[in-house]
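Below: one structure, written as structure tokens.
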Amino acid sequence: MDIFVCTADPKMEPPTLVINTVLSAMSYNYPPEKLSVYVSDDGGSEITFYALLEASLFSKHWIPFCKRFNVEPRAPEAYFSQHCPFLDGKFAQELLAIKDKTVHNQRSQLITFVCSWKKMYEEMKTRIETALETGKIPEETRKQHKGFSEWNLNIKKSDHHSIVQVMAVGILIDGRDTSSVDDEGSRLPTLVYMAREKRPNWPHNFKAGAMNALIRVSSEITNAPFILNLDCDMYSNNADTIREILCFFMDEKKGAEIAFVQFPQNYNNKTENDIYGNACYATNVVELAGAGGYGAALYCGTGCYHRRESLSGEKYSKGDRVQLNTRPKKYEGKSVVDLEESSKVLASCSYEKGTQWGKEMGLMYGCPVEDIVTGLAIQCRGWKSAYYNPERSAFLGLAPSTLEVGLVQHKRWSEGLSQIFLSKYCPFTYGHGRIKLGAQMAYSIYLLWAPFSLPTLYYVIVPSLCLLKGISLFPEVSSPWFLPFAYVFVAKNVFSVLEAMNCGSTLKAWWNLQRMWLIRRTTSYFLALLDIFKRKLGISEITFTLTDKIVTEDASKRYEQEIMEFGSSSLMFTILATLALLNLFTLVGGIMKLFMDFKALEHLILQIVLCGIIVLINLPVYQALFIRSDNGRIPSSVMFKSVVLASVLCLMPIYYNISL
Ligand SMILES: O=c1ccn([C@@H]2O[C@H](COP(=O)(O)OP(=O)(O)O[C@H]3O[C@H](CO)[C@@H](O)[C@H](O)[C@H]3O)[C@@H](O)[C@H]2O)c(=O)[nH]1
Ligand SMILES: [Mn+2]
């Protein structure tokens, strides 16, 4: 099993986060000589390399501890934060009360261990954080690994990751080496650091480029038949997952056709009522599982186990039974230095020139959601994929904890997804005859996110403006045509609430999700749609805005209290505040009109209901505009712009023609 962990920027993705993921992956319950962890560092940062060196030393104590006491989760930060009560006075009292001697001894031994490893972990964390702040690595450590010499020549600063010219492959632990053992004398898994070469004039293809370099480098070093792909913020939360997924791949009847097994993205920082709609209750339990039912689970970029052949571009053909134990082991007999040197060639910019990498081989280039399009292409090459959502989350990651970060992420996603729909990979054409119709449709509900912004914008602008002018758009209450409208509205929402609650959501979380859908569709998806057109016209290029994994203490407090975070003058906030105000103005205007002419209620009722719901859903926006005074409120410049824009919209004359 080769495990790939991708990271791209030591400031936005702190090295301590990366090593937590790495340590959790290294301590899987799986034979260490068959387990390797590869870290791709697109930031080319010496500090990340240093952090990994620290982690490799820490792992010698951590792995045997985890295995001996069978602890979970095995990411130290998460473990210590969950087991803090362990160390307080109450626990000591409970310990005294345990009569059984063996249990008592075991418990007290565990506590001694936890205390000493926690201290050791905290010290290591401080060293790494100091190194990150000062940009300096202790001289002592520098001497410990020749890998640091890579940073002597070319770069001083790793901030400019697009001009970073470091190329390094450092094998920090060589799993073949019988002398690299942990505290208890057991072998350690292999640990490799890779920073592929980057040059200003070569496209580096973001995460897809990093993954492809990892596929090649790992094939040179360990060449395991299965690959687990993790983002740097997603730690393993269950040490037995590898053994579980092997049941899919090695199933006598159906195993051979399985290309990958995808787990849902779950988060360890989610709050009770999921203010930013990250938890995806119904998506994880119903939608993705449904696609998996068609043998076409979507590849979601992290928490996914792959069969190496399928990821490298091979087609599935019936009767092809891969002999897992007879794979060529190219690395046998080669020294670490040789392996590092030969891997560097594979991680260089020019290696892919004139090859099929990024097209037929590896992850696909040219799309900001490389994961989804690659998964679809693999399925169209005849493979099947499975979706697995066990009771205990297999992985836990970090969900965006501010509104802006979440919206930027959705913009990238919706842009990439709709780009697939408009490309030759459109599931209805490319997938025709290759994947089932149900699977094509399952893909399309995501691929059409961006265009869905248009009807949503229509519904939040036009009916409200017409209400203000007294123009009726929907059937009157007494008309038989009123029924279908009312039915669709009620049935859709009742169903949606029941479904969400059934999947573990709370009522408030469902309501919050409705707000997020409204906001996403009118901001992220709309802007994504504009960018898609710009790209079609050749005006803009594809980008990948990294999701920031750290927030200020102040903002993270508000996140825990589920108070929406605005606090910047992003264009998206101007749009959402304008729409919220527009509906507030039109609702007030509409109601005033009713006071003058009560009979109008009959034909304006649906618009009033619609406008009223939009206002209700936007309550946190009005609070952020007018009531709140903390740093997360909507800045006054945005407020000013949106008041002007909403008023202009209200004053706009509307010409209409009733021909009925
Ligand atoms: O040039 C890059 C950019 C990103 N990454 C890594 O890619 C991962 C995902 O980036 P992130 O900013 O966290 O994006 P998310 O939106 O949170 O990621 C989701 O969406 C992406 C596609 O848009 C997928 O690649 C991810 O796997 C999936 O988790 C992270 O580990 C990054 O370090 C790189 O290695 N190189
Ligand atoms: Mn992420």
Q: Sort out for me the helices (runs of 4 or more DSSP H) sitting completely within the range 569-660 that have 1 or more residues that are within 21 Å of GLN514 (Cα to Cα).
A: 571-596, 601-617, 619-622
(Q) Looking only at the range 14-39, how many residues end up being out of contact with any Gly (no Cβ under 7 Å at 6 or more places or on another chain) and open to solvent by less than 10 Å² (accessible area, probe 1.4 Å)? (A) 15
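Considering each of GLU140, GLU133, GLU150 in turn, give the residue that is at pLDDT 90 or above and either assigned to a helix (DSSP H, G or I) or open to solvent by 10 Å² or more (accessible area, probe 1.4 Å) (or both).
GLU133
Every residue, every condition in (1) within 14 Å of ligand 1 (Cβ to nearest atom); (2) more than 30 Å from ARG558 (Cβ to Cβ); (3) assigned by TED's automatic domain parsing to the domain that holds VAL39, yes or no:
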position: GLY255; (1), (2), (3): no, yes, yes
position: PRO264; (1), (2), (3): yes, no, yes
position: GLU272; (1), (2), (3): no, no, yes
position: ARG308; (1), (2), (3): no, yes, yes
Q) Which of the residues spanning the range 354-367 are in contact with a helix residue (DSSP H, G or I) (Cβ under 6 Å, 6 or more places away or on another chain) and surrounded by fewer than 24 Cβ atoms within 10 Å (Cβ to Cβ)? A) TRP357, TYR365, CYS367
**Q.** Scope the range 580-605; condition open to solvent by less than 40 Å² (accessible area, probe 1.4 Å), over 21 Å from VAL643 (Cβ atoms) and in contact (Cβ under 8 Å) with a residue 40 or more places away in the chain; matching residues
**A.** ALA600, LEU604
Q: Inspect all residues belonging to the range 9-18 and state whether any of them is in contact (Cβ under 8 Å) with a residue 12 or more places away in the chain and touching a Pro at 6+ places or on another chain (Cβ under 8 Å).
A: no
Q. Mind checking which residues of the range 393-436 are of a type in the set (D, E, K, R) and away from ligand 1 (no atom under 15 Å from the Cβ)?
A. LYS424, ARG434, LYS436
Q) Does ILE532 satisfy the criteria of being within 16 Å of ligand 1 (Cβ to nearest atom), more than 20 Å from the chain's Cα centre (by Cα) and in contact (Cβ under 8 Å) with a residue 60 or more places away in the chain? A) yes
Q | Selection from the range 340-381 of residues that are over 16 Å from ARG196 (Cβ atoms), assigned to a helix (DSSP H, G or I) and either modelled with pLDDT under 95 or aliphatic (A, V, I, L, M) (or both) | A | ILE372, VAL373, LEU376, ALA377, ILE378
Q) Among the listed residues TYR28, TYR38, TYR50, which satisfies the condition of being touching a helix residue (DSSP H, G or I) at 6+ places or on another chain (Cβ under 8 Å), away from ligand 1 (no atom under 16 Å from the Cβ) and under 21 Å from ILE227 (Cα atoms)? A) TYR28
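Determine whether the range 569-577 contains at least one residue that is surrounded by fewer than 17 Cβ atoms within 10 Å (Cβ to Cβ) and either assigned by TED's automatic domain parsing to the domain that holds VAL477 or not aliphatic (A, V, I, L, M) (or both).
Just the residues of the range 569-577 that are surrounded by fewer than 17 Cβ atoms within 10 Å (Cβ to Cβ), to begin with: 569, 571.
Add one more test, that the residue is either assigned by TED's automatic domain parsing to the domain that holds VAL477 or not aliphatic (A, V, I, L, M) (or both), and what stays is 569, 571.
Yes - at least one qualifying residue is present in the range 569-577.
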Q: Could you please give the count of residues in the range 216-232 that are within 16 Å of ligand 1 (Cβ to nearest atom) and open to solvent by 20 Å² or more (accessible area, probe 1.4 Å)?
A: 1
Q) Just one of ALA291, ALA282, ALA259 is touching a helix residue (DSSP H, G or I) at 6+ places or on another chain (Cβ under 6 Å) and in a strand (DSSP E or B); which is it? A) ALA259
Q: Take the range 367-392 and flag every residue that is of a type outside the set (S, T, N, Q) and within 13 Å of ligand 1 (Cβ to nearest atom).
A: CYS367, PRO368, VAL369, GLU370, ASP371, ILE372, VAL373, GLY375
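Here is a yes/no grid of residues against (1) part of a helix (DSSP H, G or I); (2) open to solvent by less than 80 Å² (accessible area, probe 1.4 Å); (3) not assigned by TED's automatic domain parsing to the domain that holds PHE206:
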| site | (1), (2), (3) |
| --- | --- |
| ASN493 | yes, yes, yes |
| ALA509 | yes, yes, yes |
| LYS534 | yes, no, yes |
| ILE539 | no, no, yes |
| THR543 | no, no, yes |
| VAL551 | no, yes, yes |
| ALA555 | yes, yes, yes |
| MET564 | no, yes, yes |
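The values are calculated or read from the model by the stated rules, or taken from the named source; none is laboratory data. Please read all numbers here as calculations on a predicted model, not as lab measurements. Ideal geometry is used to build each Cβ from the backbone, glycine not excepted, and the neighbour counts take in all protein chains shown. Protein only, heavy atoms only, side chains kept; ligands, DNA and RNA dropped before computing areas. Shrake-Rupley method; radii C 1.70, N 1.55, O 1.52, S 1.80 Å.
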